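Participant: Dropping a structure here in structure tokens format, bear with me for questions.
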Amino acid sequence: MNLDAKIPSGPLERKWDRHRLEMKLVNPANKRKFDVIVVGSGLAGASAAASLAELGYNVKCFCFQDSPRRAHSIAAQGGINAAKNYQNDGDSAYRLFYDTIKGGDFRAREANVYRLAQLSVNIIDQCVAQGVPFAREYGGLLANRSFGGAQVSRTFYARGQTGQQLLLGAYQALCRQIGLGKVQMFARTEMLDVVLVEGQAKGIVVRDLVTGQISSHAGDAVVLATGGYSNVFYLSTNARGCNVTAIYRAHKKGAAFANPCYTQIHPTCIPVSGEHQSKLTLMSESLRNDGRVWVQKQKGDTRPPQQIPEPERDYYLERKYPSYGNLAPRDIASRAAKEVCDEGRGVGRGGLGVYLDFSDAISRLGVATIKERYGNLFDMYQTITGENAYQTPMRIYPALHYTMGGLWVDYNLMSNLPGLFVLGEANFSDHGANRLGASALMQGLADGYFILPYTIGHYFASSKPLKPSVSHPEFRKAEEEVKARTQRMLSIRGKRTVSSFHRELGKLMWDKCGMARNEAGLKEALQRIPALREEYWENVNVTGENQELNQALEQAGRVADYMEFAELMCYDALMRRESCGGHFRTEFQTEDGEALRDDAHCSFVAAWEYHGVDKRPTLHKEPLAYEEVKMTQRSYK
Amino acid sequence: MTLTLKVWRQSNAHATGRFVEYQANDVIPDMSFLEMLDVVNEDLTDRGEDPIAFDSDCREGICGMCSLMINGVAHGGQRGTATCQLHMRHFKDGDTIAIEPWRARAFPVIKDLVVDRIAFDRIIEAGGFVSVSTGGTPDGNAIPIPKDDQELAMDAASCIGCGACVAACKNASAMLFVSAKISHLGLLPQGKVEKNRRVLSMVKSMDEAGFGGCTVTGSCEAVCPKEISLDFIAQMNRDYLKALLERE
Ligand SMILES: Cc1cc2nc3c(=O)[nH]c(=O)nc-3n(C[C@H](O)[C@H](O)[C@H](O)COP(=O)(O)OP(=O)(O)OC[C@H]3O[C@@H](n4cnc5c(N)ncnc54)[C@H](O)[C@@H]3O)c2cc1C
Ligand code: SF4
Ligand code: FES
């Protein structure tokens, strides 16, 4: 397996400029001779599809929702980082780069991250020009706020709906190209396989979710921008449809999957209220600025929070991390919550929750101030839980939120399969072992607006790609495989629903490969997943037919892939004998419970090669060389 | 609690649909409306029946994918709340709930409660954008924008494209949706440049898709999960007239 990252030579700050100069170009008149398939219409996919079409390429864009505007990027709340230094507080591309590398616990590529920081400023300009209504100051200039992991104020936002507004900007640019006939949009269409011809990605097989028709599309390159796989845990903050299918099927065709075990947990979500729970809702972390986290000291204490006197409360974050207190980083706060719940001191139904208490802040600042700061979040909390957080403490619990792992890509965002590009959350490239807040939106848009449009041209101009059509036998073969698999799922008619399997898998992953992992647990999961998968293929009940809108069938295909992918995550987590970022191995921690990295042995990207279901994948290592920054151990004490 | 559901079942766009009655047992107040339907669907599946098809994705009120007429009201009648954020604590034991798809000529039913809203995308394709391509844009702070304009643009831009406004309107008018986009862009200097062209082509596309006219009764505003204001419709009417005059 060839894992050449193709990092340009030269000093860090000049690599991208230099690379842009050195890359070959496609003559404007020739661009219309190239067809590009873009799967996904989130920030990464929509920005790429629009930008490529503007350049003159013929683009086909696919999404499984009924409209490209509904991609999960729409749900991002907090904001997007950019090193504009509008606040004159000392920000720079270098500082953003450093914060991102450090936030990623020194497990990301320097060159990629530096480029991301450089491009961040262009993103803001682009979005403003599209009419994104970013928050502004009275003077009419753009406003910023600060976000976790940074000492400067560099986050741009549009109320609590930044993802929505950025996505609408990209969606509108995409719509403009659809209207001009340069993009053909296929909504309610799910990609089920990548087609390789002589080792090059040349097209995809899709299922029309309304008619059930399975067909192929050929292109000179295939771009996957299909988002993250947090839903392997069943419950996460992701939308229901988010899946690993697109990238996992590409993995099965030979694309290396990098760092699958790097997943991020968000500490402030609304806890599960029962078995029926279908997703978890995130509450902005900003709440931790004024809320105090606590649980009762006594196990099994079921008194309502107001009746628990001060000395019987354990403000565990303040106790354990006196200098950061309630603002301890995401992973630390999450693990601490799990610990107290594991000790039996969790609150609320099922005991999976901790209090986030605003009573001190309310007596200090008044209800009006709290309302002004967090009114919409308190409203949202009330809508979901029926509780009034001005009167009773909120209950929160960590939930899966983001996946740093994804398909391996080189500096050009191309996977190890020629012609297969991967953007946004679907690739692994920029966040290392942990993503900083407000940097996923930045990465998706950098990939789509400003990186792929250059690198794809270089691919076309320098490698003389093949020009097959859908009549090539490889397409027939892939279609047949997809049809057979679909038929197989429909013919089982077993006794358990798809969701019941998904819940079971999710629970297993949460327990054994969630926010704290260890060798014994991972080995156990590696035993249990294949058994569950076997049962799935014997006992799942997928009703209805293929030739219709069949949501159970859609879900069944996604869960089938999670059933295989979960194993890969566990292999990766087991192999990585250190704790870093979102990956916490209980065996590897400092005396006071901090993650313990092993830079001497684990400073690499883990890229896995597929060999078949029930076969062990092979590990390939891309060493991470740090030329610019010095690795340090973080401390939040 | 136990509820009786009367659900619109229609196997595809061409089939005739009808209401079918189901019992929803063990419904708890903390469930969302869609989670209640999930549970009903699990039961149906266990009994070998076809589960009820309905759209949803984010389940947090932002993607605009969920729909449903609940007892004749789009999104079920909790102010500023999309169906996915509607919780069962607003219902009581023994209630009968009628559940139907959006009904509008421009939104044909695909199956059960799922409708085709592609007409909304077509309207945006016709002009709901600023014609800038990637690259070469001026610095984000090059043009100051009064905070009030930006805030008002943001109010309009919050539309999630769900189509409840159309479903609630007796004429199936899309004016609230269209006017929200026209105001969002028209209020900002970046969007002003193409203001006339935009309103003319979007209104044309809206009419062609088969949406009805607006009689300003306000049923759209009442059900809109983002509480988009009727004022935007008035603004759009002014913009439209102005554009027509200036074209002459
Ligand atoms: C609740 C929440 C809040 C967040 N807040 C922030 C924030 O404040 N700041 C920040 O920077 N990041 C935030 N993030 C992270 C960020 O939103 C995502 O990482 C990012 O938007 C992902 O964009 P994307 O384009 O890669 O994927 P997505 O937006 O998920 O798009 C995926 C696309 O692929 C399509 N697709 C997927 N699979 C298939 C298939 N098999 N066939 C066809 N199409 C397919 C989908 O239809 C969709 O169009 C948040 C995430 C969540 C969940
Ligand atoms: S205006 Fe309101 S009701 Fe209409 S589509 Fe937008 S959000 Fe939905
Ligand atoms: S499911 Fe996204 S708005 Fe309801």
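The values are calculated or read from the model by the stated rules, or taken from the named source; none is laboratory data. Model, not experiment: these values are computed from the prediction. Cβ sites come from the backbone with ideal geometry, for glycine too, and all protein chains shown count toward neighbours.
Participant: Looking at A:GLU545, is it part of a loop (DSSP other than H, G, I, E, B), of a type outside the set (A, V, I, L, M) and surrounded by fewer than 16 Cβ atoms within 10 Å (Cβ to Cβ)?
Facilitator: Values: part of a loop (DSSP other than H, G, I, E, B): yes; of a type outside the set (A, V, I, L, M): yes; surrounded by fewer than 16 Cβ atoms within 10 Å (Cβ to Cβ): yes.
When the stated conditions are applied, A:GLU545 passes them.
Participant: Quick one: which helices (runs of 4 or more DSSP H) sit completely within the stretch B:132-186 and have at least 3 residues that are buried (at least 20 other Cβ atoms within 10 Å of the Cβ), more than 9 Å from chain A (Cβ to nearest Cβ) and charged (D, E, K, R)?
Facilitator: Working: elements: B:147-157, B:164-168, B:175-186.
Qualifying helices (runs of 4 or more DSSP H): none found.
Participant: Within the stretch B:198-230, which residues are within 12 Å of chain A (Cβ to nearest Cβ) and away from ligand 3 (no atom under 16 Å from the Cβ)?
Facilitator: Result: B:ARG198, B:SER201, B:MET202, B:SER205.
Participant: Filter the stretch A:583-617 for residues that are free of Cβ contacts under 8 Å to residues at least 24 places away in the same chain and in a strand (DSSP E or B); which is farthest from the chain's Cα centre (by Cα)?
Facilitator: Once the filter is applied, the top-ranked residue is A:GLN589.
Participant: Is the stretch A:401-411 home to any residue that is out of contact with any Phe, Trp or Tyr (no Cβ under 9 Å at 6 or more places or on another chain), without any contact (Cβ under 8 Å) to a residue 40 or more places away in the chain and more than 16 Å from ligand 2 (Cβ to nearest atom)?
Facilitator: There is no residue in the stretch A:401-411 that is out of contact with any Phe, Trp or Tyr (no Cβ under 9 Å at 6 or more places or on another chain), without any contact (Cβ under 8 Å) to a residue 40 or more places away in the chain and more than 16 Å from ligand 2 (Cβ to nearest atom).
Participant: To continue, here is another question. Could you look through the stretch B:74-116, keep only residues that are more than 11 Å from chain A (Cβ to nearest Cβ) and among the aromatic types (Phe, Trp, Tyr), and pick out the one that is nearest to ligand 3 (Cβ to nearest atom)?
Facilitator: B:TRP102
Participant: If only one of A:GLY169, A:GLY160 is in a loop (DSSP other than H, G, I, E, B), more than 8 Å from chain B (Cβ to nearest Cβ) and closer than 27 Å to A:PHE97 by Cα, which one is it?
Facilitator: Selected residue: A:GLY160, the only one of A:GLY169, A:GLY160 that is in a loop (DSSP other than H, G, I, E, B), more than 8 Å from chain B (Cβ to nearest Cβ) and closer than 27 Å to A:PHE97 by Cα.
Participant: Are any residues in the stretch B:204-232 outside any loop (DSSP other than H, G, I, E, B) and either more than 10 Å from ligand 2 (Cβ to nearest atom) or under 15 Å from the mean Cα position of the chain (by Cα) (or both), and if so, which ones?
Facilitator: B:LYS204, B:SER205, B:MET206, B:ASP207, B:GLU208, B:GLY212, B:SER219, B:CYS220, B:GLU221, B:ALA222, B:VAL223, B:ASP231 - these are the residues of the stretch B:204-232 that are outside any loop (DSSP other than H, G, I, E, B) and either more than 10 Å from ligand 2 (Cβ to nearest atom) or under 15 Å from the mean Cα position of the chain (by Cα) (or both).
Participant: Shifting gears a bit: Can you name the condition, by its number, that A:SER215 falls short on among (1) over 24 Å from A:SER499 (Cα atoms); (2) at pLDDT 95 or above; (3) in a helix (DSSP H, G or I)?
Facilitator: Of everything listed in (1) over 24 Å from A:SER499 (Cα atoms); (2) at pLDDT 95 or above; (3) in a helix (DSSP H, G or I), A:SER215 misses just condition (3).
Participant: Only one of A:ILE74, A:ILE124, A:ILE80 is among the hydrophobic types (A, V, I, L, M, F, W, C) and within 22 Å of A:PRO329 (Cα to Cα). Can you tell me which?
Facilitator: Just one listed residue meets the conditions, A:ILE80.
Participant: Going through the stretch A:268-290 one residue at a time, which ones are in a strand (DSSP E or B) and closer than 18 Å to A:ARG349 by Cα?
Facilitator: Once the filter is applied, which keeps residues that are in a strand (DSSP E or B) and closer than 18 Å to A:ARG349 by Cα, the stretch A:268-290 yields A:THR268, A:CYS269.
Participant: On to the next question. If a residue has to be surrounded by 15 or more Cβ atoms within 10 Å (Cβ to Cβ), under 29 Å from A:ASN539 (Cβ atoms) and away from every other protein chain (no Cβ under 11 Å) to count, how many in the stretch B:1-23 make the cut?
Facilitator: Here the count works out to 4.
Participant: In addition: Farther than 29 Å from B:TRP102 by Cβ and more than 9 Å from every other protein chain (Cβ to nearest Cβ), is that true of B:VAL193?
Facilitator: The answer is yes for B:VAL193.
Participant: Take the conditions touching a helix residue (DSSP H, G or I) at 6+ places or on another chain (Cβ under 8 Å), part of a helix (DSSP H, G or I) and without any contact (Cβ under 8 Å) to a residue 24 or more places away in the chain and apply them to B:ASP57. Does it pass?
Facilitator: Values: touching a helix residue (DSSP H, G or I) at 6+ places or on another chain (Cβ under 8 Å): yes; part of a helix (DSSP H, G or I): no; without any contact (Cβ under 8 Å) to a residue 24 or more places away in the chain: yes.
In short, no.
Participant: Now a separate question. Pull out all pairs, ordered by first then second residue, where Cβ-Cβ is under 6 Å, the residues are six or more apart or on different chains, the first lies in the stretch A:269-294 and is within 14 Å of chain B (Cβ to nearest Cβ), and the second is among the charged types (D, E, K, R).
Facilitator: A:PRO271/A:ARG395; A:SER273/B:ASP30; A:HIS276/B:GLU35; A:SER278/B:GLU35; A:SER278/B:ASP38; A:LYS279/B:ARG59; A:THR281/B:GLU60
Participant: Same structure, new question: Output the number of residues of the stretch A:229-246 satisfying the condition of being within 14 Å of chain B (Cβ to nearest Cβ) and within 13 Å of ligand 1 (Cβ to nearest atom).
Facilitator: Counting residues in the stretch A:229-246 that are within 14 Å of chain B (Cβ to nearest Cβ) and within 13 Å of ligand 1 (Cβ to nearest atom) gives 11.
Participant: I would also like to ask the following. Facing chain B (nearest Cβ under 8 Å) and at positive phi: is that true of A:GLY139 in this structure?
Facilitator: Details: facing chain B (nearest Cβ under 8 Å): yes; at positive phi: no.
Taking the combined requirement at face value, the residue does not satisfy it.
Participant: Yes or no: B:LYS195 surrounded by fewer than 24 Cβ atoms within 10 Å (Cβ to Cβ) and either farther than 22 Å from B:CYS63 by Cβ or assigned by TED's automatic domain parsing to the domain that holds B:ILE228 (or both)?
Facilitator: On the way: surrounded by fewer than 24 Cβ atoms within 10 Å (Cβ to Cβ): yes; either farther than 22 Å from B:CYS63 by Cβ or assigned by TED's automatic domain parsing to the domain that holds B:ILE228 (or both): yes.
Criteria met by B:LYS195.
Participant: If you don't mind, there's one more thing I want to ask. Give me a count of the residues in the stretch A:206-225 that are away from every other protein chain (no Cβ under 14 Å) and either in contact with a Leu (Cβ under 9 Å, 6 or more places away or on another chain) or within 16 Å of ligand 3 (Cβ to nearest atom) (or both).
Facilitator: Applying the first criterion (away from every other protein chain (no Cβ under 14 Å)) to the stretch A:206-225 yields A:206-207, A:214-225.
Still in the list and also either in contact with a Leu (Cβ under 9 Å, 6 or more places away or on another chain) or within 16 Å of ligand 3 (Cβ to nearest atom) (or both): A:206-207, A:214, A:220-225.
The total comes to 9.
Participant: Let me ask you something else. Could you say which residue among B:ASP38, B:ASP50, B:ASP55 is among the acidic types (Asp, Glu) and more than 16 Å from ligand 3 (Cβ to nearest atom)? Walk me through how you get there before you give the answer.
Facilitator: Working: B:ASP38 fails: more than 16 Å from ligand 3 (Cβ to nearest atom); B:ASP55 fails: more than 16 Å from ligand 3 (Cβ to nearest atom).
Of the residues listed, the single one that is among the acidic types (Asp, Glu) and more than 16 Å from ligand 3 (Cβ to nearest atom) is B:ASP50.
Participant: A:GLU504 fails exactly one of the following numbered conditions: (1) under 18 Å from A:TYR229 (Cα atoms); (2) more than 14 Å from every other protein chain (Cβ to nearest Cβ); (3) in a helix (DSSP H, G or I). What is the number of that condition?
Facilitator: Tallying (1) under 18 Å from A:TYR229 (Cα atoms); (2) more than 14 Å from every other protein chain (Cβ to nearest Cβ); (3) in a helix (DSSP H, G or I), A:GLU504 fails exactly one: (2).
Participant: Condition test on B:ASP121, is it assigned to a helix (DSSP H, G or I) and facing chain A (nearest Cβ under 10 Å)? Step through it out loud before you land on a result.
Facilitator: Details: assigned to a helix (DSSP H, G or I): yes; facing chain A (nearest Cβ under 10 Å): yes.
The answer is yes for B:ASP121.
Participant: May I ask you to list the residues in the stretch A:305-355 that are in contact with a Lys or Arg (Cβ under 6 Å, 6 or more places away or on another chain) and of a type in the set (Asp, Glu)?
Facilitator: A:GLU312, A:ASP314, listed by residue number.
Participant: Moving on. For the stretch B:90-118, which positions are under 27 Å from A:ARG176 (Cβ atoms) and in a loop (DSSP other than H, G, I, E, B)?
Facilitator: Within the stretch B:90-118, B:TRP102, B:ALA104, B:ARG105, B:ALA106, B:PHE107, B:PRO108, B:ASP116, B:ARG117 meet the criteria.
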